[in-house]
Amino acid sequence: MKKSIAILLVLASQIIFAQYPKDYFRSPLDIPINLSGTFGELRPNHFHSGLDIRTNNVEGLPVYASADGTIIRIKVSAFGYGKALYIAHPNGYTTVYGHLQKFNDKIEAYVKEQQYKQKSFEVELYPSTLKVTQSEIIALSGNSGGSGGPHLHFEFRDTATEKIINPMAFGMNKLIKDEMKPVISSLMVYPANDSTSVNKSKNPVSLSLQKQVDGSFLASKVVASGKIGFALNSYDLSTNNYNKNGIYRVVSYVNGSPSFKFEFDTFAFDESKHINYFIDFNRYKKLKQRFQKLFIKERYPLSLVSGNTKDGFLDIKPNVTYTYKIEVFDYHGNKTIVNVPISYEKDTNSTVVTSKGNYYVKTKSDYNFEFEKTAIYLPVNALYENAYLNISEKEGVLDIENNFEAIQNGLTVSLDMSHLSEEEQKKAFVGTVLGLKLDYNSSFRKANKVSAKVKAFGKYKVGFDNVAPRIYNPNFIEGSNISKLSTLSVSINDALSGIDTYNAYLNGEWILMEYDYKTKKLVHNLKDGKVVSGKNDIKIVVTDKLDNTATFTSNFIY
Ligand SMILES: [Zn+2]
């Protein structure tokens, strides 16, 4: 009995002080490592899940297996990680390599065989026999998928749980020289509720920071009465690298005792969407600045902050002195400190100016608002906080007033189409009104209604896409001899709903064309050996998401 308790204690301590192997994995590249992205870095609607390693602005650098293992997953997509490899290692961790240009010959042959078999460029494969050894070249670095320039996305996961882990924990920090402190570009103080004022304001107030002789910063004075909280906009720099990357840890203290903390060690993919509540979303939407909040108004399931037993707020009362301190760390232990002097002052002047909407929405309930021609459904926890919303319909346009609340669970917008013909209904979608433009939302039709799950407030109305995609700009002249070319390519584009499928046929047989949405190019590699000597007929068929079809036919001599 005692023994089993002891074992349990040992197990528990291992869980709490998880130690990752520091010398097991090597760098995936053989160049000096400079990062254009760190783990947990704040991105649109997600926290970054790995390291983005700069590849000197070029593609085609050899990418090495970080350790022995088995390739358990290969994904080829025009979006996301583009061409990506997942290697499971015998120690229980998986490394991921994204935005690759090309796999090594062995993997490339396997993938191509599957692509021809499935007649699809985009494939997701789960091989079980592709073993790799440490330092084996597995691919060439690239810029495929949703990549804004050549780089390698390098990620670590727990193989069993698929939770993502900070690569620095596996010793990757040793590859990077960083003697520079994080930079706090801005600090804000927030009144927590209507009965609080800060510096005579009921709105968030920006504080100035002054560098002290000891290297720390002193914020401008805060006078307040009631509950207040802080948020900061910060980034990290490293030696010889101009990129503004994400910071690692922030801790705040009230009168010397810890008040609030977050740290980018590990999280699950489905937590990533909570970034919109982790930051001041209102400020982000208005000013594109990402302020990380050092308080929680409502509890929410983000493990990075849910370990906090305190909510991070300070309650400013008369005759009490407060010292508030924030420490911002990068992974290398460089630290920036801010001290904020706070004193009590009753504010008698400022009055509450809050624009109230026509509906009060509580997070614990779901709501269905139905109008003459439109409706919107808010599930439980659609928002993070109870809020007033202005919802109305005018001339068939549903308007959910954009007060920049962060949305947790998607809202379903439904628009009536009973006045439309069957043919018109087939081409209809839920459009987001953006000035004179309509943005497509992935939509479904049911009983004279078109609906879409949306994750933003705004105006919605029925849109139509009757226009076929465009196939243009072939890299060869019809009827010409193309023996000197190494690829066949065309450009494709769809203005409204977007490209859905693309298929190419050479002399009646399906051929692989790789799609890159950034360059709008469809490319066939002539080394696939599908062309015949003499005359070849090519046909390319492209559809958009509302089934409008474009067909391109041509021929050439080889
Ligand atoms: Zn990345």
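Please treat every number below as a calculation from the coordinates, not as lab data. Fair warning: this is a prediction, and the values are worked out from it, not measured in the lab. Please note: Cβ atoms are built from the backbone with ideal geometry, for glycine as well, and neighbour counts cover all protein chains shown.
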Can you tell me, using C-alpha contacts under 8 Å and at least 6 residues apart, the relative contact order of region 304-396 as a whole percent? 21 percent
Within straight cross-link reach of Lys530, meaning Cα distance under 21 Å, which lysines are found once same-chain residues fewer than 8 apart are removed? Lys102, Lys106, Lys112, Lys117, Lys119, Lys484, Lys521, Lys539
Taking only Cα atoms, what is the 0 to 90° angle, nearest 10, from helix 2-16's long axis to the longest principal axis of the chain? 80 degrees
Taking just the alpha carbons, could you work out the radius of gyration and Dmax for the chain, both in angstroms? 27.6, 93
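Quick check: from the Cα gyration tensor, does region 26-96 come out rounded (a/c under 1.5), prolate or oblate? Numbers along the way, then the final one.
Values: a/c = 1.42, a/b = 1.17, b/c = 1.21.
Verdict is rounded for region 26-96.
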Please list 461-473, 160-172 highest first by mean number of surrounding beta-carbon atoms within 10 Å per residue. 160-172, 461-473
For region 417-498, what is one quarter of the convex hull surface built on the Cα atoms, given in nm²? 8.6 nm²
In percent, how large is the relative contact order of region 413-558, given Cα pairs closer than 8 Å and 6 or more residues apart? 22 percent
Label points 7 Å out from Cα along the Cβ direction at Asn91 and Ser306: separation in nm? 2.9 nm
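Could you work out [θ]222 nm for the chain from helices alone, using -39500 (n - 2.57) per DSSP H run of at least four and dividing by all its residues? Round to the nearest 500 deg cm²/dmol. It would help to have the intermediate numbers written out before the result.
Details: 6 runs with 49 residues, N = 558.
About -2500 deg cm²/dmol.
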Once the mean of 1/r over all distinct C-alpha pairs in region 286-335 is inverted, the Kirkwood radius in Å reads 14.1 Å
Projected-area average for region 403-541 over all orientations - Cα convex hull basis, square nanometres: 12.0 nm²
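What net charge is computed for the residues neighbouring Leu175, neighbours being all others with C-beta under 14 Å from the C-beta of Leu175, Lys and Arg scored +1, Asp and Glu -1? Before the final figure, lay out the partial values.
Details: positive: Lys22, Arg26, Arg54, Lys174, Lys177; negative: Asp23, Asp30, Asp52, Asp178.
Spelling it out: positives minus negatives among the neighbours equals +1.
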Within region 476-492, which residues have the backbone N less than 20 Å from the label spot 7 Å out from Val532 along Cα→beta-carbon, could you tell me? 478-484, 488
As an exercise, use a Förster radius of 30 Å and the Cβ-Cβ distance of Thr553 and Glu113 to find the FRET efficiency, rounded to the nearest 0.05. 0.65
Estimated translational D of region 240-368 in µm²/s (Stokes, Kirkwood radius over Cα pairs; 25 °C; 0.890 mPa s): 139 µm²/s
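Could you rank the peptides 277-290, 211-224 by their average count of other C-beta atoms within 10 Å per residue, with the highest value first? Could the numbers behind the result be given before it?
Working: 277-290: 16.9, 211-224: 14.4.
Top of the packing list down: 277-290, 211-224.
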Which of the peptides 393-401, 75-83 is most tightly packed, and how do the rest follow, judged by the mean count of other Cβ atoms within 10 Å per residue? 75-83, 393-401
Between Lys174 and Asp23, with labels modelled 7 Å along Cα→Cβ, what's the label distance in nm to one decimal, could you check? 0.6 nm
7 Å from Cα along Cα→Cβ at both Lys346 and Glu372: what's the point-to-point distance in nm? 5.3 nm
